[in-house]
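**Student:** Quick one: this structure, given as structure tokens, is what I'll be asking you about.
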Amino acid sequence: MIAFIIRRLLQSVVVMLIVGLIAFSLFRYVGNPVDNLVGQDTTLEERIALTERLGLNDPFFVQFGRFVLNAVQGDFGMSYRHRRPVENLIAERLPATLELSAVAALMALLIGIPMGVYTGLRRDGVLSKLFMAISLIGVSLPTFLIGILLILLFGVILRWLPTFGRGEVVDIGWWSTGLLTVSGIKALLMPAFTLALFQMTLIMRLVRSEMLEVLRTDYIKFARARGLANRAVNFGHALKNTLVPVITITGLQLGSIIAFAIITESVFQWPGMGLLFIQAISEVDIPVMAAYLCMIAFFFVVINLIVDLLYYAVDPRLRVDVGTRGGHG
Amino acid sequence: MRFRMTLLAAAATTALAFAPGADAKTFRYAFQGDAQSLDPHGLNETFTLGFLGTVYETLTAYDGEMNLVPQLATSWEVTSPTVWRFNLRKGVKFHDGSDFTADDVIFTWKRILTEGSDQKVRGGLISDVRKVDDHTVDVETGTPTPTLARELTNIYIMDKEWSEKNDAVEAASPKTAGRENAYASQNENGTGPFTVVEREPDVKTVFKRFEGHWGNLDTNVTEVIFTPISQDATRVAALISGELDLAYPVPVQDWDRINSAAGAKALAGPEARTIFLGMDQWRDELLYSDVKGKNPFKDKRVRAAFAHAIDLDAIKQKVMRGASTPTGLMLAPQIDGYNKDMNNPYKYDPEMSKKLLAEAGYGDGFSVTLDCPNNRYVNDEKICQAAAGMLAKVGIKVDVFAQPKSKYFAKVSTQNDNDTSMYLLGWTPGSMDVSNVLDNLIVCMNKETNVGQFNYGRYCNPKIDEIAAKVREETDPEKRQAMVDDAFKMLQDDVGYLPLHQQPLSWGVRDGVKVAQRADNVLDLRSVILP
């Protein structure tokens, strides 16, 4: 088990190196950072000198090698734009993104699973058809548009929720949280829902089809024949057996939630890492872009690891120490 | 040091705000980006400088109508062609309570010459600053510099003692800013009417009124909350929903929507930024064209044909919602040196265009690529498309290559050897003076003397160079204007550029908020009056 975890973590280093390599090979195409660092009256000489000082004239592998060497020592460089260490910037923005992603993932699960179970059990109900229609919207509309529509409805027309920002935040050590103030929670609702909607519909559709599948199996019929209560059959036996694919997908989607947060964050001006990244792209802030991409790669690896570990917990067949290989067919 | 609101502080401010008798007036505004840092000499860029203009002050400044007015200097006179005497304001305090004196002016001049400063060009105009007494300085320039008082509107005065105490005697540049000496990037100590009490870059900045300010200001604002909002749609929504008192810029397409919303209105005015097209006039063969072996833009008739093919009024009506000012001059009316008698746009005459092209041997037209930014100027990409459509009518096939500004400038800039055949650019002279326009855009490019750096098409007329050199030093306004007029006459005859228009300023404000909309797109908080 421990060997397994260590092996996966070592793999993550390789993944991050490859992501870094690809990222660096792309940075040549994003523009010249120097134009954003000086004003229009700055002389050509100085622009050239600054390019040289930033090491932008060095060959690609030299730049990449320098980045890796420093990154290994925990130094991700200075942001060109903010003129501050990148790791500090990311540490400041991390709480906002993680809170948003966690709340969005919870929303997706807590609304998506019950909706999936319901539509699976009552396939022809009016409510089921409504859920399915809504889920179609969630799957097909782009996040950007959903965000703008929510802003228009709840921010501009009804004026219930703030249209941008994170509200008031409270510092707990280095972590800043918006979950402890009313304005913080109000500010979180729309972005979290926007981010959650796609995952929510995905989970709902997944649970529904898995439920339909499982409800047809023999052991469910036997369970009913034994006279078990509906509740026990539906949730204790049916739902539990649909959860393995749900966990896989949710886990993988958690990574995409963090990555997709870029769009949601820029629509709602949510001060997280995604917004930092998007601003870094527009200003060609290479150190920030490199650090962000490597970190997202690391997140994906870690999340996949956690998903694999969760399998052991949910599916007894995967546990080597359990001898019997029973369960459903 | 970073200021962060703790729960306690939040409670305290709330309590204060609702305390009886306190007439707190909070002004909330948003811009599309944030100031790069609090270091007033780190970046010579309009928004950063305008933003810092509320915490730092300069010897000379502009008022709401762009008139030059005294700020930290009370008066100045030119005592010899190269020496300016500035009388400094007495009783001025920095935010930490120390006094403003001649030593701070000298210190500031030395600081803008340091490695990390982006104001070295302006600092280089000055050869010496001498202290006459505590409140008088003599500024000596290397050559006669009639624009000095205007150039100084960009130089924020810093406190010598504070900078020395906090290891901030050098401006912080992207590379020299180590992990330790970035104090002035994150803290301020100016003499301006507002102090920064909380700042999270890209997220939020809170200003409080500085009680010790010397001036008697119009503004009734006591607290300012600034939030950068990058998405246009979100910024407009935040204004309409009443969460902001002012947002800028707003898309000109959204004016109707803002005006029809309750409680908000669009605020439009002329900006001093001139938008124009430039053409590669130096290569022997264009990089992006189907004409091989020669450069059609070297032929004046071709350039004139382009000029007569573009309908400036149509661009104004169709692309700019009637809000731009078509121009024949590379200079806006707010700029010193503008002469309205000289402002004669090329006549829209497609027939003449066709005739000129035929005369030049391009009767069947040719193709050329137009480089264009798509997030730099008001409707930049749409202007390029409109121009391409108009040129198509006279047989010129224009491929518009629109890119984000970072990529656009990386391609066309002089550092990249002006990799373009035709391009769209906009220009506001930082000194609000004609000499800046001549030196950057119109004189022949010379990398040794650092002139013509933004003359991407490398138009070159040595006679204009001679005039520009004199304009730089001529102190007599009438003589100077005559020279300027000569230069622009030659430029127009040569069809060196294709001026299009001055773009509009486009702000959105909450009803009842009064603010001066400056032609350089700077929001001066001194002018804000809340209802």
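The values are calculated or read from the model by the stated rules, or taken from the named source; none is laboratory data. Bear in mind the structure is a predicted one, so any value in this text is a computation, not a measurement. When we count neighbours, we look across all protein chains shown, and the Cβ atoms used for this are built from the backbone with ideal geometry, even at glycine. Heads up: the accessible areas ignore ligands, DNA and RNA and are worked out on the full protein's heavy atoms, side chains in. Shrake-Rupley method; radii C 1.70, N 1.55, O 1.52, S 1.80 Å.
**Student:** Could you order the peptides B:317-326, A:193-202 from most to least packed, using the average number of other C-beta atoms within 10 Å per residue?
**Tutor:** A:193-202, B:317-326
**Student:** Where does the protein assembly as shown land at 222 nm, in deg cm²/dmol rounded to the nearest 500, when only DSSP H runs of n ≥ 4 count, each adding -39500 (n - 2.57), divided by all residues?
**Tutor:** Counting only the DSSP helices, I get -13000 deg cm²/dmol.
**Student:** Same structure again: I'm checking a number: the convex hull volume of the Cα atoms of the stretch B:312-398, normalised per residue, in Å³. What is it?
**Tutor:** Measuring per residue, one finds 123 Å³ for the Cα hull of the stretch B:312-398.
**Student:** Largest first and in whole Å, what are the equivalent-ellipsoid semi-axes of the stretch B:197-304 based on the Cα gyration tensor, each being the root of 5 times an eigenvalue?
**Tutor:** One finds semi-axes of 46, 20, 16 Å for the stretch B:197-304.
**Student:** Using the structure shown, select from B:Lys382/B:Lys470; B:Lys110/B:Lys514; B:Lys25/B:Lys204; B:Lys208/B:Lys382 the pairs with a Cα to Cα distance greater than 29 angstrom.
**Tutor:** B:Lys382/B:Lys470; B:Lys110/B:Lys514; B:Lys208/B:Lys382
**Student:** What would the Debye formula give as log10 I(q)/I(0) at q = 0.06, 0.07, 0.12 Å⁻¹ for the alpha-carbon point model of chain B, no solvent?
**Tutor:** Calculated log10 I(q)/I(0) at the listed q: -0.32, -0.43, -1.21.
**Student:** What shape does the stretch B:137-267 take by its C-alpha gyration tensor, where a ≥ b ≥ c are the square roots of the eigenvalues and a/c under 1.5 counts as rounded, a/b above b/c as prolate, and the rest as oblate?
**Tutor:** Taking the square roots of the gyration eigenvalues as a ≥ b ≥ c, the stretch B:137-267 is prolate.
**Student:** Among B:Val378, B:Met330, B:Met342, whose Cα lies farthest out toward the positive end of the dipole of the stretch B:313-404, if unit charges sit on the beta carbon of Lys, Arg (+1) and Asp, Glu (-1)?
**Tutor:** Toward the positive end, the furthest listed residue is B:Val378.
**Student:** Could I ask something else about it? Averaged over peptide A:277-285, how many Cβ atoms belonging to another chain are found within 10 Å of each residue's Cβ?
**Tutor:** Mean shielding count: 3.
**Student:** Amide H neighbours of B:His501 under 5 Å, counting only residues 5+ apart in sequence or on other chains, H built in-plane at 1.01 Å?
**Tutor:** Here B:Ile275, B:Thr327 satisfy the definition.
**Student:** Which value, in nm² and rounded to one decimal, describes the direction-averaged projected area of the C-alpha convex hull of the protein assembly as shown?
**Tutor:** Directional mean of the projected Cα hull area for the protein assembly as shown stands at 42.8 nm².
**Student:** Starting at the first residue of the stretch B:330-347, write each ³J(HN,Hα) from the Karplus equation 6.51 cos²θ - 1.76 cosθ + 1.60 with θ = phi - 60°, in whole Hz, x for Gly and Pro.
**Tutor:** Karplus-based 3J(HN,Hα) across the stretch B:330-347 equals 7, 8, 8, x, 7, 8, 5, x, 6, 9, 5, 5, 8, 8, 10, x, 4, 5 Hz.
**Student:** Right, another one. So, with +1 on the Cβ of K and R and -1 on the Cβ of D and E, and no other charges, what is the size of the charge dipole of the stretch B:402-531 about its Cα centre, to the nearest 20 debye?
**Tutor:** 620 debye
**Student:** Under the Kirkwood approximation for Rh and a Cα-based Rg, what ratio Rg/Rh is obtained for the stretch B:257-385?
**Tutor:** 1.04
**Student:** Assigning unit charges at the beta carbon (Lys, Arg +1; Asp, Glu -1) and nothing else, what dipole magnitude in debye, to the nearest 20, does chain B show about its Cα centre?
**Tutor:** Taking the Cα centre of chain B as origin, the dipole is about 1160 debye.
**Student:** Under a Cβ-Cβ cut-off of 13 Å, what is the net charge of the residues other than B:Val400 that fall near it, where Lys and Arg count +1 and Asp and Glu count -1?
**Tutor:** Result for the local shell: -2.
**Student:** Ratio of alpha-carbon Rg to the 2.2 N^0.38 Å globular estimate for the stretch A:187-316, to two decimals, please.
**Tutor:** 1.42
**Student:** Here is a follow-up. Taking each residue in B:199-206, count the Cβ atoms of any other chain within 10 Å of its Cβ, then average. What number comes out?
**Tutor:** Mean number of neighbouring Cβ atoms from other chains: 5.
**Student:** Further question on the same structure: Looking at the stretch B:450-531, which GluC sites (Glu not before Pro) are in a loop (DSSP not H, G, I, E or B) and have at most 12 other Cβ atoms within 10 Å?
**Tutor:** Of the GluC sites (Glu not before Pro), not one in the loops of the stretch B:450-531 has a Cβ with at most 12 other Cβ atoms within 10 Å.
**Student:** Can you compute the radius of gyration and Dmax for the stretch B:364-481, using only the Cα atoms, both in Å?
**Tutor:** Taking only Cα atoms of the stretch B:364-481, I get Rg and Dmax of 16.5, 50 Å.
**Student:** For the pair A:Leu21 and A:Ser256, how long in nm is the line joining their label points, each one 7 Å along Cα→Cβ?
**Tutor:** Between A:Leu21 and A:Ser256, the simple spin-label model gives 2.7 nm.
**Student:** Here is a follow-up. In debye, nearest 20: dipole of the protein assembly as shown around its Cα centre with unit charges on the Cβ of K, R (+) and D, E (-)?
**Tutor:** Its charge dipole is roughly 4140 debye.
**Student:** Ok, one more. Let me make sure I get this right: for the stretch A:139-238, a, b and c are the square roots of the gyration tensor eigenvalues over alpha carbons, sorted descending. Under 1.5 in a/c it's rounded, otherwise prolate if a/b > b/c, else oblate. Which is it?
**Tutor:** Prolate shape, in that a/c is at least 1.5 and a/b is the bigger ratio.
**Student:** I would also like to ask the following. Helix A:2-27 sits at what angle to the longest principal axis of chain A, using alpha carbons and giving 0 to 90 degrees rounded to 10?
**Tutor:** Tilt of helix A:2-27: around 50 degrees.
**Student:** Chains A and B: what accessible area do they bury, summed, in square angstrom to the nearest 100, with a 1.4 Å probe?
**Tutor:** For A against B, buried area totals roughly 5200 Å².
**Student:** Given the options B:Trp214, B:Pro201, B:Ala149, identify the residue whose Cα lies farthest towards the positive end of the charge dipole of the stretch B:148-256 (+1 on Cβ of Lys, Arg; -1 on Cβ of Asp, Glu).
**Tutor:** Farthest along the dipole direction, towards plus: B:Ala149.
**Student:** Roughly how large, in nm² to one decimal, is the mean projection of the convex hull of the alpha-carbon atoms in chain A?
**Tutor:** Over all viewing directions, chain A projects a mean Cα-hull area of 22.3 nm².
**Student:** Per Stokes-Einstein, at 4 °C and 1.567 mPa s, what whole-number D in µm² s⁻¹ belongs to the stretch B:375-444, with the Kirkwood radius over Cα pairs as the hydrodynamic radius?
**Tutor:** Answer, rounded: 93 µm²/s.
**Student:** Using only C-alpha positions, report the orientation-averaged shadow area of the convex hull of the stretch B:57-216, nm², one decimal.
**Tutor:** The number I arrive at for the stretch B:57-216 is 10.0 nm².
**Student:** Can you give me the three principal axis dimensions of the stretch B:123-212 from its C-alpha atoms, in Å, biggest first?
**Tutor:** Per principal axis, max minus min of the Cα coordinates gives 44, 36, 25 Å.
**Student:** Shifting gears a bit: Could you derive backbone 3J(HN,Hα) for the stretch A:293-310 from the dihedral phi with the Karplus parameters 6.51, -1.76 and 1.60 (θ = phi - 60°), listing whole Hz in sequence and x where the residue is Gly or Pro?
**Tutor:** 5, 5, 5, 4, 4, 4, 4, 4, 5, 5, 5, 4, 4, 5, 4, 4, 5, 5
**Student:** To the nearest 10 degrees, how steep is helix A:182-215 against the longest Cα principal axis of chain A, on a 0 to 90 scale?
**Tutor:** Here the helix axis deviates by roughly 40 degrees.
**Student:** Further, regarding this structure: What does the extension gain come out to for B:Thr74 and B:Lys347, with contour length at 0.36 nm per residue minus their alpha carbon separation?
**Tutor:** Residue separation times 0.36 nm, minus the Cα-Cα distance, leaves 93.6 nm.
**Student:** Still on this structure, please answer the following. Only sites in a loop by DSSP and with at most 13 other Cβ atoms within 10 Å count here; which trypsin sites (Lys or Arg not before Pro) in the stretch B:384-467 make the cut?
**Tutor:** B:Lys393, B:Lys447
**Student:** Taking the alpha-carbon set of the stretch A:1-106, what are its Rg and Dmax in Å?
**Tutor:** 17.9, 61
**Student:** With viscosity set to 1.306 mPa s at 10 °C, what whole-number translational diffusion coefficient in µm²/s follows for the stretch B:17-117 from Stokes-Einstein and a Kirkwood radius over Cα pairs?
**Tutor:** In µm²/s, the coefficient rounds to 96.
**Student:** How are the C-alpha pair distances of the stretch A:44-200 spread across 10 Å bins, as whole percents from the shortest bin up?
**Tutor:** 9, 24, 24, 20, 16, 6, 2, 0
**Student:** Based on alpha-carbon positions alone, could you give the equivalent ellipsoid semi-axes of the stretch B:408-531 from the gyration tensor, as √(5λ), descending, whole Å?
**Tutor:** 32, 21, 13
**Student:** Among DSSP beta bridges whose residues both lie in chain B, state the antiparallel percentage, nearest 5.
**Tutor:** 75 percent
**Student:** Over the stretch B:371-490, what relative contact order in percent results from Cα pairs under 8 Å that are six or more residues apart?
**Tutor:** 18 percent
**Student:** Taking square-rooted eigenvalues a ≥ b ≥ c of the alpha carbon gyration tensor, is the stretch B:298-361 rounded, prolate or oblate, where a/c under 1.5 means rounded and, failing that, a/b exceeding b/c means prolate?
**Tutor:** oblate
**Student:** What is the sum of charges around B:Thr219, taking Lys and Arg as +1, Asp and Glu as -1, for the other residues whose C-beta is under 11 Å from the C-beta of B:Thr219?
**Tutor:** Here the charged neighbours net out to +2.
**Student:** Under the rule of at least 5 residues apart or a separate chain, name every residue whose amide H is placed under 5 Å from the amide H of B:Tyr56.
**Tutor:** B:Gly192
**Student:** Run through all the Cα pairs of the stretch B:43-95 and give the fraction in each 5 Å bin from 0, expressed as whole percent.
**Tutor:** Cα pair-distance distribution for the stretch B:43-95, in percent: 4, 16, 21, 24, 17, 14, 4, 0.
**Student:** Which listed residue (B:Leu500, B:Asn461, B:Leu530) has the Cα farthest towards the positive end of the charge dipole for the stretch B:444-531, taking +1 on Lys and Arg C-beta and -1 on Asp and Glu C-beta about the Cα centre?
**Tutor:** Positive-end residue among those listed: B:Leu530.
**Student:** Now for a separate question. Within 10 Å of each Cβ in peptide A:154-167, how many partner chain Cβ atoms are there on average? Round it to a whole number, please.
**Tutor:** So the per-residue partner count for this stretch is 5.
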